[in-house]
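Colleague: This is the structure I want to talk about, given as structure tokens.
The values are calculated or read from the model by the stated rules, or taken from the named source; none is laboratory data. Here the structure is a predicted model, which means the values were calculated and not measured. In this analysis, Cβ positions are derived from the backbone assuming ideal geometry, glycine residues included, and neighbour counts consider all displayed protein chains.
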Amino acid sequence: MRKTRLWIVLGCCLIAAAVVAWAQSARKPGLWEITMNMSWQQTPLPPGVTMPAGIKSPFADTTITKQVCMTQEMIDKFGGAVPPANAGCKLNNVVMNPHSMSADLVCTGRMNGKGTLEASWTEGASGKGKMHFVGAMQAGPNPLPVEYTVAFSSIFKGADCGSVMPMTMPAN
């Protein structure tokens, strides 16, 4: 169960990072630094279950800073980086404006549910936004309810991605 929880949390963070990069690219390829603050409104831990002393819950509120490399191909084809296809999540009802976007996030598989995404950005230099997800996580025979919010900000670091490799683009 602990490994499953860890992979679900990491998956959520990767999805959030990809969505953030996609939402906040402002059509500028290169290296972006994204800071995500993930808070859980409902964790999949059953009521009464606590972590052993000295072990941090994988569902504790978390701040992650990640660098993402955006290519021109990603921007031309998808408007920016998109969630990895193997994460089981898709963006629907995408509404793009010159300095903002919104979309619905729909996930199926080990994590089922729906979320909303809103982001805004300046002329290619920085951005901010929020994603809220409500659903269930499969852990054993019964799905466990989850709800979390990811607030994020991004800043353009430069045209050269250095050693940061671009994410793999999904097939159409």
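Colleague: When the residues of the stretch 116-135 are filtered to those that are farther than 20 Å from Ala60 by Cβ and either of a type in the set (Ser, Thr, Tyr) or in contact with a Leu (Cβ under 8 Å, 6 or more places away or on another chain) (or both), which remaining residue is surrounded by the most Cβ atoms within 10 Å (Cβ to Cβ)?
Modeller: That would be Leu117.
Colleague: Does at least one position in the stretch 6-26 carry a residue that is more than 12 Å from the chain's Cα centre (by Cα), modelled with pLDDT of 80 or more and over 21 Å from Met96 (Cβ atoms)?
Modeller: No, the conditions are met nowhere in the stretch 6-26.
Colleague: With the requirement that a residue be modelled with pLDDT of 90 or more and either under 14 Å from the mean Cα position of the chain (by Cα) or among the aromatic types (Phe, Trp, Tyr) (or both), what does the stretch 119-146 give you?
Modeller: Passing the criteria: Lys130, Met131, His132, Phe133, Val134.
Colleague: I'd like the residue in the stretch 61-101 that is within 23 Å of Ser39 (Cα to Cα) and at pLDDT 85 or above and, out of all such residues, is surrounded by the most Cβ atoms within 10 Å (Cβ to Cβ).
Modeller: Val68
Colleague: Looking at the stretch 52-74, which of its residues are out of contact with any helix residue (DSSP H, G or I) (no Cβ under 9 Å at 6 or more places or on another chain) and either part of a loop (DSSP other than H, G, I, E, B) or closer than 18 Å to Ala136 by Cα (or both)?
Modeller: If the condition is that a residue be out of contact with any helix residue (DSSP H, G or I) (no Cβ under 9 Å at 6 or more places or on another chain) and either part of a loop (DSSP other than H, G, I, E, B) or closer than 18 Å to Ala136 by Cα (or both), then Pro52, Ala53, Gly54, Lys56, Ala60, Asp61, Thr71 are the ones that fit.
Colleague: For the stretch 102-125, enumerate the residues that are in a strand (DSSP E or B) and more than 20 Å from Met38 (Cβ to Cβ).
Modeller: Matches in the stretch 102-125: Trp121 only.
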